[in-house]
Structures are given as structure tokens and as C-alpha cells.
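Q: Below are the C-alpha cells for one structure; questions will follow.
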Amino acid sequence: MASNVEAPESWYLALLGFAEHFRTSSPPKIRLCVHCLQAVFQFKPPQRVEARTHLQLGSVLYHHTKNSELARSHLEKAWLISQQIPQFEDVKFEAASLLSELYCQQNLVDSAKPLLRKAIQISQQTPYWHCRLLFQLAQLHTLEKDLVSACDLLGVGAEYARVVGSEYTRALFLLSKGMLLLMERKLGEVHPLLTLCGTIVENWQGNPIQKESLRVFFLVLQVTHYLDAGQVKSVKPCLKQLQQCIQTISTLHDDEILPSNPADLFHWLPKEHMCVLVYLVTVMHSMQAGYLEKAQKYTDKALMQLEKLKMLDSSPILSTFQVILLEHIIMCRLVTGHKATALQEISQVCQLCQQSPRLFTNHAAQLHTLLGLYCISVNCMDNAEAQFTAALRLTTHQELWAFIVTNLASVYIREGNRHQELYSLLERINPDHNFPVSSHCLRAAAFYIRGLLSFFQGRYNEAKRFLRETLKMSNAEDLNRLTACSLVLLGHIFYVLGNHRESNNMVVPAMQLASKIPDMSVQLWSSALLKDLNKALGNTIDAHEAAQMHQNFSQQLLQDHIAACSLPEHNLISWTDGPPPGQFQAQNGPTTSLASLL
């Protein structure tokens, strides 16, 4: 009798052992693993074994094959059967979690939501699963851009975590909510929430890695909040803390000791991902502040780390990090006079977006914006206008919208014959009245654009007022590029007015700052002014030196211009709709003039 009772368990364990052996073989033998698990059903197993086997089959098929229909069938059975079995939480909720993930992959979001809601409703006595399912449903709402529902769920999760005594997971819920509130620009709600999070994080005594990872999450939100507001100087203390924090984490060893509270069994991001993220926000800061060599250094480090991680980890967040890094370094390249490299990196972003429709949806507007900036740099103004117009059509992000409008206004100013469109744009980014975003940097740039227009119209006193406003704002937050651009334009105005000494007082520091950034266009402009100024002042040697500098900058820019326009990727400037093109035809040579730059 005893042997009859033991028999099912022994056959079950044997089949399970074989299945696991085949799954973990190198390479995995998934077909044999699936055969072993399917064989379990031949023995008419008890409900618990039946449900668990359906879950295991669903999981193996979902993760290792393309047979999503069969995976879905097994997971649905696991979910259905496990609901009838008491004290079977792990199988029940893992089936619900995996099945909703599969539904989303199949674009059956309306099936995933009620499933998760039911699982959340019946999991309140199982803290780990209740929290995990709340996070999952909040993420689903976030992907659908329903940030209000996502925030509500994260608020429910924070309160639940507080009730079950998990301050750590409460902080994770609140920080996640803070991140979404920042995305929604609900700054009035963000400040008290971040203050509360700061207190919880500092007071929580637990696993050092978990504590430091909470601090990284908290500081990343603070830093990005400052950078979104264009406050490059004010962010420095937070950024320094963040960099120290990630150094601390990299020295800590992962403890295998599991937390005593099951609700604490969460990690925000793996340590390696956090390192890349800190590099990323450092690049964002360096680019906004105009420390472009520093931005280049940290981009190289981050991309090297990403390449290593992507060999072992297929997490989609790594591709997102890579795209954002490339977007920033492309802007740096355009400023430093490396247009050909920038164009090749734009093409790289296109390739990454081709691999992921979601990535393309989230970054299409940025991609067209970058192409618009490239078009300006090679003097293709019609294409620049088309790219910026495409980007405006695709974005709902207020700061990006204001950035695009500012650059489109600069295109209209250069074209000189688009007065109606120009005034319509300028009305929407009026820095003196109802400026649409809270960004200090973008408002300073809007004053600069007004100054540039007044300069071209010969209204020099008005131009000086706008440019002094830009200088005041850019000096307050160490916005080096805007400072350099404003100084050289003011220098140009004083030169035109015949005030050579005052012009010199502006152009010399502009040149020094442009060399430090380095900003090739401002260096070109400054050297041309210095040549004319020194000639007017009778400083022959200095005039000759400035002329030589201008000649060198012109040559570098011309060579780069020719190299960029000759690349097959230059054809991207004509792409304004749909997914990015996969193939590029070779160019015969540059089709644009460098006259406006020289």
C-alpha cells in the first residue's frame, strides 16, 4: 500500500528532474523539456500537480519558444485550476502575472487588466504577490499613458506596504509615484512627496544595498527634476550625492540573506543598471552645462558598460538607456563640429528603434528633432523645417515641444522671409509673458531667439535688452553655451554700432568660453569678429592671428560638412513620416552650401 502511495511522487519527481535537466542543458533542449512535462498529464495527477505543471509548461513555452498560443492555453488552465485550490498562492499568482504579461505581448490589454485586478483583489493576505501585482498593473497603465490610474494604484500600494510594515516597499511605491507625477508635470504634488520619500529613505534601517538603491532612485528623481527645469547649477549638490551613492553601492556585496518581511522582496534596478543610469544623468548635466568633453567621456564609459550588459541581459531598459545616451551625444557632436559622426549615430538610433516599436513610439519626436538640428548644421533649412514640423506632430512632451519651437524659430529667422509663421511661433514662446514651461534654460533660450531676431531687423537696443536677459539667466545657472552665444552676438551688435572696445569686451570671453566647451560655430563667429575688430583697432598681428584661426575653423567645418553630406545616411533628412528607413542610397557629394556658416 505504501509503495502505491509513493509511486506517483517518484514518477513525478523523475519527469520533473528530466525536464529541468533538459531546460538547463547547454544549449537548452526545450522540446525534450516540454515532452517530459506533458508526460505528467498521462498519469492523471492530482489538481495541485496538474496546475503547477500547466504553469511550468506555460512558462517554458513563453520564455523559450514562439508558441505563444500554447503557452497562453497552459497559463489559462493553471490560473483556472489554482483558484479552486486553497493555500496555493505562488502558483495562482505567478500564473496570473505571467498570463497578463503574455496578454500584453499579444496586444490583449483588455484581457490583462481584469485578470490583474482579480489577482490583486484575492492576494491581500499574500504581501509579496499583492505588491508585485499592483506594480505590474501600474506599469501596464503607464505604458498606456494612463498616468492617473497608475498613480492611484501606486498610492494604494504605498498604503498597503505601510500597513504590512514594509517601509522599504512603501518608499518604492512612493518614488515610483513621484516619477509619474514628474512625467505629468504635477510639480505641486511632487515636492511634498519627495520630501516624505527623503525622510522614509533616511530613517529606514535595513539591507545596505537596498537602502542605497532607494537613495539612488530618490536622487535620480531630484536630479532629473532640476535638469527638466534647466537648473544646471542648482542641481550640482544632488548630482554629487548621487555619484557618491553609486560609488558606495559598487563597493557593497550582495547579501544572500532574504528580508524577514516578504513585502521587502523587491529591487528597483540591478546594481549594473543603476551605474549606467548615473552615467546617463551625468551626461545630461554635462551637455546642458556645456561641458561637452566631459559628456563625451561619460558617454563612452556608459556605452561600453551597456555593450557588456546587453551580451547577458535582454532587458528593454538597456536599449532605452542606449538611445537616450546617443540622443545627448549627437547634440554634443553637432556643437563640437563632428556632423558626420553625429549622422552615423542618428542612423544607429534608427536601427535601435527598428528593433522595438515601443522604443520608436517613445523616441520618434526626438529622432526628427535631432535630424532637424543636423539639417541646420549643414544649412538644409527646408529639410530642417520639415523635420521640426514632423517632431511637433509627434510630441506631447511640453519641454521637447518648446525646444523644437525655439529651433524652428531660428530656422525662420535665418530664412528671412517667413514673418507670419515666425511671429506665430514667437507668440507661443514669449519669455516675458506666460512662458509655456518652467524650464529656466528654455526661457533663457527664448530671450536669445528674440535678441537674434531684433539683431537681424537692426533693432539693436531691443536686441541688447533681450541678450542681457539671456546672459543674466545663463550666468545664474552656468549655461555656458547660451552665455557664449549671447556674448558673441552682443559683441557683433557693438561692432556694428562702432563701439569696438565694448565689442572686444564681449567677443574675447565668448571665444574663451567657446574654446572651453568647445563650440565650433561660436569659435568660427568669434574669430571672424576678432579679425575685423583687431583690423579696425590697428592691431595687425592680432588681426592676422584671428584670421588664421578663422581659416582653420572654416577648413575643419568644411571638411566635416563634405564628409557628412557624402554619407548615405544623409538621405535621412528626407524622411518625415512612418518608421525609419532601413537602407540608405550613397550620395554623390554635398548638395548644400557652407556659405551661411563662413
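The values are calculated or read from the model by the stated rules, or taken from the named source; none is laboratory data. Please read these numbers as outputs of a predicted model, since none were measured by experiment. FYI the Cβ positions are ideal-geometry reconstructions off the backbone, even for glycines, and counts take in every protein chain you see. We work out accessible area using only protein heavy atoms, side chains counted, and drop any ligands, DNA or RNA first. Shrake-Rupley method; radii C 1.70, N 1.55, O 1.52, S 1.80 Å.
Q: Within the range 223-237, take every residue that is in contact with an Asp or Glu (Cβ under 9 Å, 6 or more places away or on another chain) and open to solvent by 40 Å² or more (accessible area, probe 1.4 Å) and give me the one that is nearest to Thr282 (Cα to Cα).
A: Among residues in the range 223-237 that are in contact with an Asp or Glu (Cβ under 9 Å, 6 or more places away or on another chain) and open to solvent by 40 Å² or more (accessible area, probe 1.4 Å), the one nearest to Thr282 (Cα to Cα) is Lys236.
Q: Being on the phi > 0 side of the Ramachandran plot, modelled with pLDDT of 90 or more and of a type outside the set (S, T, N, Q) is true for just one of Gly230, Gly290. Which residue is that?
A: Among Gly230, Gly290, only Gly290 is on the phi > 0 side of the Ramachandran plot, modelled with pLDDT of 90 or more and of a type outside the set (S, T, N, Q).
Q: Got at least one residue in the range 73-94 being in contact with a Phe, Trp or Tyr (Cβ under 6 Å, 6 or more places away or on another chain), closer than 30 Å to Thr195 by Cβ and not aromatic (Phe, Trp, Tyr)?
A: Within the range 73-94, not a single residue is in contact with a Phe, Trp or Tyr (Cβ under 6 Å, 6 or more places away or on another chain), closer than 30 Å to Thr195 by Cβ and not aromatic (Phe, Trp, Tyr).
Q: Can you give me the number of residues within the range 419-436 that are over 29 Å from the mean Cα position of the chain (by Cα) and crowded, with 16+ Cβ neighbours inside 10 Å?
A: Within the range 419-436, residues that are over 29 Å from the mean Cα position of the chain (by Cα) and crowded, with 16+ Cβ neighbours inside 10 Å number 1.
Q: Among helices (runs of 4 or more DSSP H) lying entirely in the range 382-484, which contain 1 or more residues that are closer than 28 Å to Thr576 by Cα?
A: 398-415, 419-428, 440-456
Q: Give the residues of the range 252-300 that are free of Cβ contacts under 8 Å to residues at least 60 places away in the same chain, over 23 Å from Phe218 (Cα atoms) and among the charged types (D, E, K, R), sorted by residue number.
A: Glu256, Lys294, Lys297, Asp300
Q: Also, I was wondering about something else. Just to verify a result, which residue in the range 30-55, among those that are within 41 Å of the chain's Cα centre (by Cα) and within 15 Å of Glu9 (Cα to Cα), is least open to solvent (accessible area, probe 1.4 Å)?
A: Thr53
Q: Under the condition of being of a type in the set (Lys, Arg) and modelled with pLDDT of 90 or more, which residue from the range 161-204 is farthest from Val223 (Cα to Cα)?
A: Arg162
Q: Kindly evaluate Val201 against the criterion of being in contact with a Lys or Arg (Cβ under 8 Å, 6 or more places away or on another chain) and either assigned to a helix (DSSP H, G or I) or touching a residue at least 24 places away in the same chain (Cβ under 8 Å) (or both).
A: For Val201, the condition - in contact with a Lys or Arg (Cβ under 8 Å, 6 or more places away or on another chain) and either assigned to a helix (DSSP H, G or I) or touching a residue at least 24 places away in the same chain (Cβ under 8 Å) (or both) - is met.
Q: Taking the residues in the range 250-269 that are at pLDDT 80 or above and farther than 18 Å from Ala171 by Cα as candidates, determine which candidate is least open to solvent (accessible area, probe 1.4 Å).
A: Leu252
Q: So Ser439 fits all but one of (1) open to solvent by 10 Å² or more (accessible area, probe 1.4 Å); (2) of a type in the set (S, T, N, Q); (3) more than 19 Å from Gln387 (Cα to Cα); what number is the exception?
A: (1)
Q: Scan the range 82-100 and tell me whether some residue there is closer than 22 Å to Phe135 by Cα, open to solvent by less than 20 Å² (accessible area, probe 1.4 Å) and of a type in the set (Val, Ile, Thr).
A: yes
Q: Being over 15 Å from Gly491 (Cα atoms) and either touching a residue at least 60 places away in the same chain (Cβ under 8 Å) or part of a loop (DSSP other than H, G, I, E, B) (or both) is the filter here; which residues of the range 522-548 pass it?
A: Gly538, Asn539, listed by residue number.
Q: Hey, among the residues in the range 290-300 that are touching a helix residue (DSSP H, G or I) at 6+ places or on another chain (Cβ under 6 Å) and part of a helix (DSSP H, G or I), which one's most open to solvent (accessible area, probe 1.4 Å)?
A: Only one residue tops the list, namely Lys294.
Q: So, one more: Residue by residue through the range 318-366, note down the ones that are part of a helix (DSSP H, G or I), hydroxyl-bearing (Ser, Thr, Tyr) and open to solvent by 10 Å² or more (accessible area, probe 1.4 Å).
A: Ser319, Thr320, Thr336, Thr341, Thr361, listed by residue number.
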